[in-house]
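The values are calculated or read from the model by the stated rules, or taken from the named source; none is laboratory data. Just so it is clear, the model here is predicted, and its values are computed rather than measured. FYI the Cβ positions are ideal-geometry reconstructions off the backbone, even for glycines, and counts take in every protein chain you see.
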Amino acid sequence: MRYALLLGYDGTSFSGWQRQKKGERTVQGELERAAENVFGSPVRVTASGRTDAGVHALGQVATFDAESTFPPEKICILLNAVLPPDIRVYKSCTVPDTFDCTRSAKRKTYRYNFYTAETEIPVLNRYAVKILGVPCLDLMRSAADMVVGKHDFKAFCAAGSSAKTTERTIYSIEIAAETEKLYTMYGITVTGNGFLYNMVRILAGELIAIGLGRESGNLEAALRTGERSLLSRTMPPRGLMLIDVDYGVPLFGTREV
């Protein structure tokens, strides 16, 4: 029987999603240990996509195969009882044996968070990155419009990617800001049919640079030529969060997150 999980995690203390040979702590490793504890035999857990070290998830989807008499909707409770506190499974259900949580995903949404302030604010630094200067939202949004659509995003891919093609479709990019007493928090929310290695972090770095006054010509040239060197720095992982994975239908009965 195949089960699907809707889960979230704080990526700070993890070496990414994927199990590592060197024994580093990973989200997959913790979930598989918890599942073996619950089901009494080894379980292999597959995610909709692998997140890098330090990247967080609000709405990750994962699947695994196991034989059980437990009600499917109760699996999340059983797993949470043995999982560490920085991983939580919100919902669980059964899916057809043919369901592939990686290939069946229609859209994914990520958000990159950063903030401006006179000094670093410790309670924000776990999930956002402080930048210098105040970016212009209008400039950032105009640049983002250039990226929306179907493009070859080779320039937005870090070395080490195993992707067979670098063509992706970005459906939307929303850029918002909210000012509090001591800081202004910004979010770049990107929805697409898939993302390359470090793609959102590279895109966020370029949009922030343009908001701070960098000419947008390099962005146009990078899309045209695929040259990574034309773009700005890759932003740190702690500002990135996987928000949602959309399969075209609600797997868990309602809109999940």
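The table below gives the values:
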{"read-out": "First in the stretch 96-119 and exposed (fewer than 13 other Cβ atoms within 10 Å of the Cβ), second anywhere and not in a loop (DSSP other than H, G, I, E, B), Cβ under 6 Å, 6 or more apart", "value": "97/2; 106/246"}
{"read-out": "Pairs with Cβ under 6 Å, 6+ apart, first in the stretch 121-134 and assigned to a loop (DSSP other than H, G, I, E, B), second surrounded by 14 or more Cβ atoms within 10 Å (Cβ to Cβ) and small (Gly, Ala, Ser)", "value": "128/239"}
{"read-out": "Residues that are modelled with pLDDT under 95 and more than 27 Å from residue 253 (Cβ to Cβ), drawn from the stretch 1-14", "value": "none"}
{"read-out": "Criterion (in contact with a Phe, Trp or Tyr (Cβ under 6 Å, 6 or more places away or on another chain) and closer than 24 Å to residue 55 by Cβ) met by exactly one of 183, 112", "value": "183"}
{"read-out": "Qualifying residue in the stretch 84-95 (condition: assigned to a helix (DSSP H, G or I), farther than 27 Å from residue 53 by Cα and out of contact with any helix residue (DSSP H, G or I) (no Cβ under 8 Å at 6 or more places or on another chain))", "value": "no"}
{"read-out": "The stretch 19-41 residues that are under 19 Å from residue 76 (Cβ atoms), paired with ones that are basic (Lys, Arg) (beta carbon under 7 Å, 6 or more apart)", "value": "28/19; 29/19; 32/44"}
{"read-out": "Breaking point among (1) out of contact with any strand residue (DSSP E or B) (no Cβ under 8 Å at 6 or more places or on another chain); (2) not in a loop (DSSP other than H, G, I, E, B), for residue 158", "value": "(2)"}
{"read-out": "Filter result (under 19 Å from residue 112 (Cα atoms), touching a strand residue (DSSP E or B) at 6+ places or on another chain (Cβ under 9 Å) and among the small types (Gly, Ala, Ser)) within the stretch 49-65", "value": "49, 54, 57, 59"}
{"read-out": "Pick from the stretch 69-93, criterion polar (S, T, N, Q) and at pLDDT 95 or above, ranking: surrounded by the fewest Cβ atoms within 10 Å (Cβ to Cβ)", "value": "80"}
{"read-out": "Qualifying positions in the stretch 34-81 - in a loop (DSSP other than H, G, I, E, B), more than 30 Å from residue 128 (Cβ to Cβ) and among the small types (Gly, Ala, Ser)", "value": "40, 41, 66, 68, 81"}
{"read-out": "Residue, farthest from residue 231 (Cα to Cα), within the stretch 157-201, restricted to residues that are over 18 Å from the mean Cα position of the chain (by Cα) and among the basic types (Lys, Arg)", "value": "181"}
{"read-out": "Filter result (of a type outside the set (A, V, I, L, M, F, W, C), farther than 30 Å from residue 239 by Cβ and buried (at least 17 other Cβ atoms within 10 Å of the Cβ)) within the stretch 3-46", "value": "3"}
{"read-out": "Residue satisfying all of: in the stretch 202-244; assigned to a strand (DSSP E or B) and hydrophobic (A, V, I, L, M, F, W, C); nearest to the chain's Cα centre (by Cα) among these", "value": "242"}
{"read-out": "Criterion: within 19 Å of residue 239 (Cβ to Cβ) and crowded, with 19+ Cβ neighbours inside 10 Å - qualifying residue of 207, 219, 182", "value": "207"}
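One line per residue, one yes/no per condition, for (1) touching a residue at least 40 places away in the same chain (Cβ under 8 Å); (2) over 16 Å from residue 90 (Cα atoms); (3) not assigned by TED's automatic domain parsing to the domain that holds residue 201:
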{"site": "14", "(1), (2), (3)": "yes, yes, yes"}
{"site": "47", "(1), (2), (3)": "yes, no, yes"}
{"site": "53", "(1), (2), (3)": "yes, yes, yes"}
{"site": "67", "(1), (2), (3)": "yes, yes, yes"}
{"site": "70", "(1), (2), (3)": "no, yes, yes"}
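Let's see how each residue does on (1) out of contact with any helix residue (DSSP H, G or I) (no Cβ under 7 Å at 6 or more places or on another chain); (2) more than 24 Å from residue 248 (Cα to Cα):
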residue	(1), (2)
152	yes, yes
155	no, yes
159	yes, yes
166	no, no
170	no, no
185	yes, yes
191	yes, no
206	no, yes
